[in-house]
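What follows is a single structure, written as structure tokens, with notes after it.
The values are calculated or read from the model by the stated rules, or taken from the named source; none is laboratory data. Computed from a predicted structure; not experimentally measured. Note that we place each Cβ from the backbone using ideal geometry, even for glycine, and neighbour counts take in every protein chain shown.
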Amino acid sequence: MTPLVLIGFMCAGKSTVGRLCAQRLGLPFVDTDDEIERLHAPIDELFTARGEVEFRRIEREVVDAVLQREGVVALGGGAFAQPGAAEAILARGRVVWLRVAPEHVLARAGDRVRPLLGTAPTREGVEELMRARDPLYARAHLSVGAGGDPAAVAKRVCAWYAGVRS
Ligand code: S3P
């Protein structure tokens, strides 16, 4: 069965919605950030010690591997935005963009260290990165507003996936 892949900006709720979808569908769940940390090191350490280019290489390897399996996958916010990544991911999975506004990101940031947001994310910083990323995320097979209740978002995503998985 084609994997269900959740993409979107940092703090869009990809992991929370992904876990809920996996429960509803009775499928395994993988968060690529967790997988990178399990196989390598904490993400902030990878960025600091080895740099973003190396982090993206590792991320690409992990994404390619998890997309070979059945299940629900939450991608790190930058994975889909890397050169050539969107085509490969769209060809492997059913891809859903969880759309959020900058205020959601700012309200939710802080539960985890995210090198690209820094320790005190600013509205300008979030907006700038979002402006660059949104047109790329928009290539997803489905786009869902994800500023509200994650359970409702998961229900909507699963209903769509039921009609397109094969
Ligand atoms: C990143 C998002 C993070 C993590 C890394 C880089 C990005 O994942 O992969 O810090 O480039 O947007 P989340 O989207 O799960 O926070």
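Before moving on, here are some points about what is shown:
- Here G76 meets each of (1) among the small types (G, A, S); (2) closer than 28 Å to L46 by Cα; (3) surrounded by fewer than 20 Cβ atoms within 10 Å (Cβ to Cβ) with one exception, condition (3).
Let's see how each residue does on (1) modelled with pLDDT under 95; (2) in a loop (DSSP other than H, G, I, E, B); (3) among the β-branched types (V, I, T); (4) out of contact with any Phe, Trp or Tyr (no Cβ under 6 Å at 6 or more places or on another chain):
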| residue | (1), (2), (3), (4) |
| --- | --- |
| R112 | yes, yes, no, yes |
| P121 | yes, yes, no, yes |
| D134 | no, no, no, yes |
| R139 | no, yes, no, yes |
| S143 | no, no, no, no |
| W160 | no, no, no, yes |
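- Residue within the stretch 136-147 that is out of contact with any strand residue (DSSP E or B) (no Cβ under 9 Å at 6 or more places or on another chain) and away from the ligand (no atom under 13 Å from the Cβ) present: no
- Of the numbered criteria (1) part of a helix (DSSP H, G or I); (2) within 10 Å of the ligand (Cβ to nearest atom); (3) closer than 20 Å to V5 by Cβ, the one C21 fails is (2).
- Selection of the stretch 25-49 for residues being within 13 Å of the ligand (Cβ to nearest atom) and part of a helix (DSSP H, G or I) yields T32, D33, D34, E35, I36, E37, I43, D44, E45, L46, F47, T48.
- Filtered residue count, the stretch 68-100, keeping only those that are in contact with a strand residue (DSSP E or B) (Cβ under 9 Å, 6 or more places away or on another chain), within 16 Å of the ligand (Cβ to nearest atom) and either under 20 Å from G147 (Cβ atoms) or assigned to a loop (DSSP other than H, G, I, E, B) (or both): 11
- Which listed residue, of R108, R165, is under 19 Å from I43 (Cβ atoms), out of contact with any helix residue (DSSP H, G or I) (no Cβ under 8 Å at 6 or more places or on another chain), of a type outside the set (S, T, Y) and touching a residue at least 24 places away in the same chain (Cβ under 8 Å): R108
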